[in-house]
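Below: one structure, written as structure tokens.
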Amino acid sequence: MTPRSFLLTPELADYVRASSEAPDEVAAGLIAETAAMAERGEAPSTMQIAPEQGALMQLLTAALGARTAIEIGTFTGFSALCIARGLPADGSLLCLDISEEWTAVARRHWELAGLSDRIELRLGDALESLRALPAEPTYDLAFVDADKTGYAGYVAELYPRLHPNGVVLLDNTLRDGNVLDPRDESDHALVELNAALAADPRWETVLMPLADGLTMLRKR
Ligand SMILES: C[S@@+](CC[C@H](N)C(=O)[O-])C[C@H]1O[C@@H](n2cnc3c(N)ncnc32)[C@H](O)[C@@H]1O
């Protein structure tokens with residue numbers, strides 16, 4: 001089949017970014033601080049979602065009218081900042097991560113953005129935190145961006161906790177293109193999960209070639 005998407009040159013990637021909503025001062029500060037941490041060897045900056053993906057996630061959160069959201073894999077907090085900004089003032093976002101150090105940076109920027117009152121952070125293994133939540137429809141939106149071998153378990157635990165029509169976003173589902181030639185455990189985990197989701201009638205599924213691949217699932 002003739003592809004309708006193509007790999008972006010650095011110039012086109014800049015163009016895409018420049019043609020999308022730009023990060024404001026707080027978001028730009030968070031992106032810069034994360035990059036500085038990476039330069040000092042304190043964190044891999046590539047873990048942070050791309051600015052245009054953040055813009056999409058903020059828009060989607062608002063357009064879906066999501067009031068309750070959950071994030072698995074928060075790091076220094078950029079994706080959570082975008083989701084929280086798309087929520088109404090009385091909305092809530094629960095963030096799950098294991099790193100106290102990286103999420104301390106997140107907390108500081110959420111405070112600066114005036115969003116601390118709508119974000120709760122729980123530290124610990126995300127699968128255990130998820131299983132400890134009531135297994136009843138609670139969330140309108142979920143974003144999964146933690147350990148790739150854990151994705152299948154996260155999706156399974158999210159299913160009963162999502163409202164009907166609830167949406168799950170899964171990051172890195174193209175694995176840098178390695179889904180066609182899986183090299184490690186994480187690549188294999190995503191190849192298996194992508195195939196399973198496409199065949200699962202409980203989900204409406206689309207894998208979007210945005211950034212490193214962003215899969216959107218709607219609970220039927
Ligand atoms: C790719 S980063 C998340 C990036 C973030 N969404 C952003 O845009 O900045 C992955 C995060 O998942 C967390 N993580 C990895 N394994 C985890 C686990 N088993 N439970 C909870 N968090 C985990 C890591 O601590 C890390 O902060």
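Within region 79-89, identify whether any single residue is surrounded by 12 or more Cβ atoms within 10 Å (Cβ to Cβ) and more than 15 Å from the ligand (Cβ to nearest atom), and answer yes or no. Yes, region 79-89 contains a residue that is surrounded by 12 or more Cβ atoms within 10 Å (Cβ to Cβ) and more than 15 Å from the ligand (Cβ to nearest atom). For region 42-61, a residue qualifies if it is over 21 Å from VAL105 (Cβ atoms) and hydroxyl-bearing (Ser, Thr, Tyr), and exactly one does: THR61. The residues listed here are ARG85, ARG161, ARG131, ARG107; of these, the one that is out of contact with any strand residue (DSSP E or B) (no Cβ under 6 Å at 6 or more places or on another chain) and more than 29 Å from VAL26 (Cα to Cα) is ARG131. Scanning region 33-76 for residues that are of a type in the set (Val, Ile, Thr), within 11 Å of the ligand (Cβ to nearest atom) and assigned to a helix (DSSP H, G or I) turns up THR34, THR46.
Where a number appears in this text, it was derived from the coordinates with a stated rule and is not lab data. Not measured: the values here are computed from a predicted model. All Cβ positions, even for glycine, are placed from backbone atoms using ideal geometry, and neighbour counts span all protein chains on display.
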